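These notes are about the structure you will find just below.
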Amino acid sequence: MVAITPPPLRERKEDIPVLTEFFLRRFSISARRNVTKISDEARARMVAYDWPGNVRELANAIEHAVVLGSDTVIEATDLPSRFAGESIVPLSENLSYREGINAARKELVLNALRKTDGNRSAAAKVLGLEAKYLLKLMKSLGIE
């Protein structure tokens, strides 16, 4: 048996557009969403990223964008925060588990509210939550 070890994704940036299209079709079908394109800005941010998690991280990023995106085109803001440059989660090693979880929850809620122009009912739908629960969650996270 011969082991074949491909170079890491960061060394073959030319493969990123082809892989993103593959994962986009795959996750659009499995999530039953009609996401058909990736914006030029989103693609550029993905090509510029270093990909420490390799192809698996790319697949996860596309799945995240397909599932949480609100349109048929993946925009840079639909990507996980490490690509979009909008991380609200503090990059501190001194966070407790609870603080880290709450920071991540707050980021998800704020992203959903941004995508729906502040429409709480639509944001709840994007997040797969009941509107009443979203309101309680916003209050507990200190979101106005």
- [ ] Calculate, for Leu135 and Glu57, the FRET efficiency according to 1/(1 + (r/R0)^6) with r their C-beta to C-beta distance and R0 35 Å; round to the nearest 0.05.
- [x] 0.55
Task: Potential lengthening between Val73 and Ala103 on full extension [0.36 nm per residue; Cα-Cα distance subtracted] - done: 8.1 nm
TODO: May I ask you to derive the FRET efficiency for Ile143 and Lys13 from their Cβ-Cβ distance with R0 = 41 Å, giving the value to the nearest 0.05?
DONE: 0.65
Open item on the list: Given the DSSP H assignment, sum -39500 (n - 2.57) over each helix run of at least 4 residues in the chain and divide by its residue total; what's the result at 222 nm in deg cm²/dmol, nearest 500?
Closed with: -17500 deg cm²/dmol
- [ ] Can you tell me which of 43-54, 62-73 comes out highest on packing, and rank the rest after it, using the mean Cβ neighbours within 10 Å?
- [x] 62-73, 43-54
Task: Cα-based Kirkwood hydrodynamic radius, the chain, one decimal, Å - done: 16.6 Å
Open item on the list: Let me spell out the model: positive unit charges on the Cβ of Lys and Arg, negative unit charges on the Cβ of Asp and Glu, origin at the Cα centre of the chain. What dipole size does that give, in debye rounded to 20?
Closed with: 560 debye
Open item on the list: Tell me whether segment 1-54 comes out rounded, prolate or oblate; compute the Cα gyration tensor, take square roots of the eigenvalues as a ≥ b ≥ c, and use a/c under 1.5 as the rounded threshold.
Closed with: oblate
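All of the numbers you see were taken from the coordinates with simple rules; none came from a lab. The structure displayed is predicted, hence computed values, not measured ones. Every residue, glycine as well, gets a Cβ built from its backbone with ideal geometry; the counts of neighbours run over all protein chains shown.
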